[in-house]
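Visitor: Dropping a structure here in structure tokens format, bear with me for questions.
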Amino acid sequence: HFERYIKRTKAMYAKRRAALIHALTKEFGKDINIPTVSPGMNLCITFSDNYTRHAIEKSAREANLGLVATNLHYINVVAPSQYLIDFAHGQEDDFEQQVAHFAGLLAANPADNAGDQAGAIPDATNT
């Protein structure tokens, strides 16, 4: 029984992962990088410098997209525009609409994408 459960859930998560990758690729194309290997229940993505960290995170919150920055998990900021997206708890039918909403919010806020590059740390001397 347990082996059937493992096989069934593995197939379910593979479908969810594929649906999320399809939705992200459809909306962002070359503006994101998705590694071919991304183990676990999260998908690792890296946004191009066309988007600021603030705009990405604000749009994700508004779209209710479970997106978490990875930069806090590095000793040095290696990938400031790299994020994990949870696909295990989402439904594959919902990803396309959710990602489209996220992309629309990101595109609708050009002021949020001006200025600092994604992941740039504000200069404390200019506050």
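Visitor: On the accessible surface of region 29-112, probed at 1.4 Å, how many percent belong to carbon and sulfur atoms?
Guide: Ligands and nucleic acids excluded, carbon and sulfur reach 53 percent.
Visitor: Stretch ALA107-GLU3 to full length: gain in nm at 0.36 nm per residue minus the Cα-Cα span?
Guide: Extra length from ALA107 to GLU3 when fully extended: 33.0 nm.
Visitor: For PHE95, what is the net charge nearby, where nearby means another residue's Cβ is under 15 Å from its Cβ and Lys, Arg count +1, Asp, Glu -1?
Guide: Once all neighbours under 15 Å are counted, the net charge is -2.
Visitor: Among all the lysines, which ones have a C-alpha under 18 Å from LYS30's C-alpha, if same-chain residues fewer than 8 places away are not counted?
Guide: none
Visitor: So, for region 1-103, what is the accessible surface per residue at a probe of 1.4 Å, expressed in square angstrom?
Guide: Using a 1.4 Å probe on heavy atoms only, each residue of region 1-103 averages 63 Å².
Visitor: Another one. So if R0 is 25 Å, what FRET efficiency would GLN91 and VAL68 give, r being the distance between their Cβ atoms, rounded to the nearest 0.05?
Guide: It comes to 0.85.
The values are calculated or read from the model by the stated rules, or taken from the named source; none is laboratory data. Bear in mind that the values here come from a model prediction, so they are computed numbers and not experimental data. Methodologically, a virtual Cβ is constructed for each residue, glycine included, from the backbone with ideal geometry; neighbour enumeration extends over all protein chains shown. The area values use the complete protein model at the heavy-atom level, side chains included, leaving out ligands, DNA and RNA. Shrake-Rupley method; radii C 1.70, N 1.55, O 1.52, S 1.80 Å.
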